Amino acid sequence: MRKCTLLGMLSILLSTLIGLSQQSALAQICVGDCGNDGEVTVDELIIGVNIALEITPVSSCTNFDSNGDGTVTIDELLVAVNNALGSCQATPTPTPTPTTDPWFFQNPAPTGEDLFASSFLDSADGWAVGSFAEVLKTTDGGQNWDEQIVDDSVTFFGVKFVDSTHGWVVGESGAIYRTLDGGDNWNPQNSGTTEELAGVAFVDAAGGWAVGTSGTILHTTNGGDSWAPQSSGTNRDLNALTFVDAQNGWIVGAAGTILHTSNGGANWSAQVSNTGSDLFAIVFVDGMHGIAVGDSGVILRTADGGGQWSAQISPMVTSLFGVAYGDANSVWIVGDYVDDTGEGLILYSNNGGVSWTPQDGNNSNTLYAVNAFDAQTAQVVGGGGTLLRSTDAESWDLQNAATTNELFGIAFSPGNTTQGYAVGDFGAIAKTTDGGDTWTAQDSGTLEGLFCAASIDPQVAWAAGSNGAIVATHDGGATWTAQDSGSTVSFFGIRFVTGTLGWVVGDQGSVRRTTNGGQIWSAQPSSTGNALFAVSFVDDQIGWAVGDSGTIIHTTNGGGTWAPQTSGTEEPLYGVSCISSTTCWAVGGTPDATSPTQIILKTTTGGDTWTAQNTYCGNDPNQVDNTDCPDALFAVSAVDGQTAWAVGDFGLILATRDGSRWEPQDSVSTDALDAVAFVNSQVGFAVGGRGTIVKTMSGGR
């Protein structure tokens with residue numbers, strides 16, 4: 001019935017064009033103007049009817065879909081007819097603001113928020129807290145974590161439980177919450193301050209302390225029903241505290257501050273730390289032996305209750321945020337991301353803190369807190385919701401369902417919206433079989449960084465990365481096998497057009513091709529020594545690669561020869577997406593927190609000319625202005641000559657629906673987004689820092 005109606009409408013529309021009166025447009029675009037030339041032709045009207053009949057996809061002319069619902073209605077066809085009579089406006093205006101978030105998080109799980117503190121009763125039962133009032137609970141040693149609801153949005157920096165029911169969290173703006181039922185319900189308490197509270201300690205269900213900025217110390221004797229200030233004798237920020245009993249406690253803070261009380265806080269006295277570095281954590285295994293850690297790799301140790309603190313040699317000069325004893329000899333320290341290793345720092349001592357050895361967590365996030373239960377077992381929490389556990393005092397296992405490492409590549413096979421792969425730091429691979437509702441970790445067999453991915457069908461995929469690493473699966477990721485790339489350079493881009501034919505590109509202008517699915521990779525002459533960051537092929541012959549210093553190279557013979565093309569920029573180009581032998585986009589720029597640059601280029605001539613395109617994200621939607629979205633772009637994905645998305649630094653997502661005008665989309669991430677893949681005009685994924693995976697099912701609108 002619907003098809004008959006639409007066919008009848010087409011006959012009427014085409015035979016009575018001249019007689020129809022003009023009507024107002026249903027949307028702010030020129031409905032029916034597929035060519036974006038300010039006119040709607042009879043041929044374009046026929047395209048619109050074919051879309052409405054579901055003969056032709058919406059992507060063939062998205063300007064018919066004025067409300068972005070993925071269909072073309074009779075009303076929209078009528079508007080297109082009236083535009084054909086002369087009412088068309090050539091310049092589109094922004095897409096209407098969606099009423100719900102068009103992009104949503106899928107990973108990390110159970111949370112992507114930074115976790116700053118944790119409290120465990122034993123090796124099984126514990127809580128972790130962090131950004132945006134995040135509270136997690138486990139009763140099985142971290143194998144499973146459940147979110148608990150706190151009606152607030154502040155960041156929590158401290159948590160303490162004294163038994164399975166009584167617990168407190170503290171954080172921004174003087175926030176204190178208490179639970180009497182293990183976290184099922186949290187109720188606010190009146191702290192009497194708006195200072196940031198960085199730590200909390202309780203010795204039983206009644207007696208506790210909280211510390212914070214500007215020398216703040218609070219004390220309660222009734223479980224927090226009331227809090228009273230104690231005099232710290234300093235205005236310096238206080239960052240952490242520990243008590244060994246109701247009388248004896250220590251506090252550490254800015255500029256090497258260490259305070260001690262032997263009377264429950266009635267009096268606090270300064271101890272000599274012999275450092276000017278900020279101190280972030282302190283722990284005592286008994287009344288005499290303790291360790292404090294802080295900025296610049298500072299480790300202090302005492303054997304006399306703090307009468308004398310001695311500096312220990314740290315293997316890493318970076319910020320240290322957490323410390324815990326497993327027993328008198330076994331101690332762990334966790335800290336900041338280390339540039340040399342690319343990991344969040346974990347240090348271990350088996351001699352009570354006299355000497356320290358780094359341990360591999362294979363995780364690229366800063367680690368903020370550690371709890372230890374015995375000489376073998378410890379728990380770590382950190383950035384991006386990272387949850388790590390060791391049961392042998394040596395190796396660390398990720399407890400998140402999928403990685404929290406930075407993700408650099410994502411791949412879904414053509415037309416497949418359910419099964420895909422995301423790859424990243426330290427050989428991380430995450431797989432989904434349900435469109436991203438769940439992501440699970442897979443063993444890549446390598447600790448090399450994986451910077452790009454390709455998939456030709458749901459069972460077959462490749463990933464490539466640092467030091468010439470290439471891994472492949474032919475069984476849906478159940479096993480990943482290393483391939484010999486014949487090179488030690490890092491690869492940043494990969495593209496397969498069949499199950500056997502593919503290319504990788506990387507450092508030093510490296511291009512390598514396989515014709516047998518990766519059993520053999522052979523070098524191709526690229527005509528450049530610049531690093532190449534991305535590659536796109538439209539068939540087995542025609543492809544482009546882009547890279548540093550505005551490099552664009554092009555092949556028309558499967559990479560037998562590559563010819564340079566003029567990009568018109570010296571900025572790095574990080575992403576390229578081509579949809580035909582003539583039409584491609586390339587994106588890039590220089591990432592910088594204060595003065596970034598942003599590049600969007602398009603060719604419709606096979607690269608003979610590349611033209612810069614504009615972004616509209618300022619106060620005036622009709623003016624070219626990227627003031628509010630200036631950041632560098634790292635990847636681009638196009639589904640047709642008019643529809644494409646680009647992602648970049650600080651969670652930036654841009655999109656075009658007309659092939660030339662780029663507008664920002666609402667992003668739920670502030671982490672860098674390093675890769676994007678759209679399966680069709682509606683379903684797309686982006687990945688980036690701290691294991692971020694986001695998805696849209698509405699084209700991001």
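The values are calculated or read from the model by the stated rules, or taken from the named source; none is laboratory data. None of these values were measured; they are calculated from a predicted model. Every residue, glycine as well, gets a Cβ built from its backbone with ideal geometry; the counts of neighbours run over all protein chains shown. Heavy atoms of the whole protein, side chains included, go into the accessibility calculation; ligands, DNA and RNA do not. Shrake-Rupley method; radii C 1.70, N 1.55, O 1.52, S 1.80 Å.
Here are the numbers for this structure:
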item: Environment charge at Val154 (Cβ cut-off 10 Å; Lys +1, Arg +1, Asp -1, Glu -1); result: -3
item: Ranked packing of 654-664, 280-290, most packed first, by mean Cβ within 10 Å; result: 654-664, 280-290
item: The stretch 488-630 - percent of accessible surface contributed by carbon and sulfur, probe 1.4 Å; result: 45 percent
item: Net charge of neighbours whose Cβ lies under 13 Å from the Cβ of Gly641, counting Lys and Arg as +1 and Asp and Glu as -1; result: 0
item: Answer label, with P(r) over Cα pairs in 20 Å bins from 0, in percent calculated from the coordinates and candidates [x] 17, 41, 30, 11, 1; [y] 15, 45, 30, 9, 1; [z] 10, 23, 38, 23, 5, 0; result: [x]
item: Space enclosed by the convex hull of the alpha-carbon atoms of the stretch 544-599, per residue, Å³; result: 76 Å³
item: FRET efficiency estimate (nearest 0.05) - Cβ-Cβ, Ala401 to Met697, R0 22 angstrom; result: 0.55
item: Mean accessible surface per residue for the stretch 145-245, computed with a 1.4 Å probe while every protein chain stays in place, in Å²; result: 42 Å²
item: Per-peptide average of other Cβ atoms within 10 Å, ordering 308-320, 371-383 highest first; result: 371-383, 308-320
item: Convex hull (Cα only) mean projected area of the stretch 557-636, reported in nm² to one decimal; result: 6.2 nm²
item: With 10 Å bins from 0: P(r) over the stretch 613-688, alpha-carbon pairs, percent; result: 21, 54, 25, 0
item: Dipole axis of the stretch 520-654 (+1 Lys, Arg; -1 Asp, Glu on Cβ), positive-most option in Trp521, Ile600, Cys584; result: Trp521
item: Residue range of the chain that is longest and free of GluC sites (Glu not before Pro) which are both DSSP loop and sparsely packed (at most 12 other C-beta within 10 Å); result: 1-393
item: For the stretch 604-701: accessible area per residue (Å², 1.4 Å); result: 33 Å²
item: Å² per residue, accessible surface of the stretch 465-563 at 1.4 Å; result: 36 Å²
item: Per-pair calculated FRET efficiency, R0 = 56 Å: Asn190 and Thr73 via Cβ, rounded to 0.05; result: 0.50
item: Stretchable slack from Gln308 to Ala328, in nm (0.36 nm times residue separation minus alpha-carbon distance); result: 5.4 nm
item: Stretch gain in nm, segment Glu54-Thr611, where the contour uses 0.36 nm per residue and the Cα spacing is subtracted; result: 197.2 nm
item: Computed lengthening from Asp392 to Thr139, 0.36 nm per intervening residue step minus Cα-Cα distance; result: 89.1 nm
item: Portion, in percent, of the accessible area of the stretch 258-409 that falls on carbon or sulfur, probe 1.4 Å; result: 44 percent
item: Cα-based shape type of the stretch 186-292, given that a ≥ b ≥ c are square roots of the gyration tensor eigenvalues and the cut on a/c is 1.5; result: oblate
